[in-house]
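Structure, as structure tokens:
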Amino acid sequence: MKKAALLSLTLILTAVVAALWCSRRQHELAAAFDDLKIGTSRAQLQTKLGDPWKATSCGKVFGGDTPRGCVIEVLYASPTARVLPEYWAFRYDSSGTLIDKYHYVSP
């Protein structure tokens, strides 16, 4: 009986910690998206948010229109993106300056 109670407590605590981490990361991504202004460097973005989910040519992952001069799109995925797709895109020119940003949310 004690083993079952300990296992249940461990599973509940793991779920609570995971939910708290997801919530914190979601807030961190949304706040950075709002705070980072056009003209920000890619280094500043990476300092603020860490390594991206993906960095590739503009429009390669999700398609759509991209701004003139865009050479790289840096994407950060929501912690729940596999279930509820949500991504933050930061688009940079050849000098590493932010020229556009976009928030992708599944309908």
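The values are calculated or read from the model by the stated rules, or taken from the named source; none is laboratory data. Here the structure is a predicted model, which is why all the values come from computation and not from measurement. Heads up, the Cβs are rebuilt from the backbone with ideal geometry, glycines too, and the neighbour counts pull from every protein chain shown.
Values as computed for the structure displayed
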{"item": "Complete set of residues in the stretch 10-61 that are of a type in the set (A, V, I, L, M, F, W, C) and in contact with a Leu (Cβ under 8 Å, 6 or more places away or on another chain)", "result": "29, 32, 36, 38, 45, 49, 53, 55, 61"}
{"item": "Residues of the stretch 50-78 satisfying the condition of being modelled with pLDDT under 95 and crowded, with 18+ Cβ neighbours inside 10 Å", "result": "58, 66, 78"}
{"item": "Counted residues, the stretch 26-44 - those being polar (S, T, N, Q) and assigned to a helix (DSSP H, G or I)", "result": "2"}
{"item": "Residue within the stretch 18-32 that is under 19 Å from residue 87 (Cα atoms), touching a residue at least 24 places away in the same chain (Cβ under 8 Å), touching a helix residue (DSSP H, G or I) at 6+ places or on another chain (Cβ under 6 Å) and surrounded by 11 or more Cβ atoms within 10 Å (Cβ to Cβ) present", "result": "yes"}
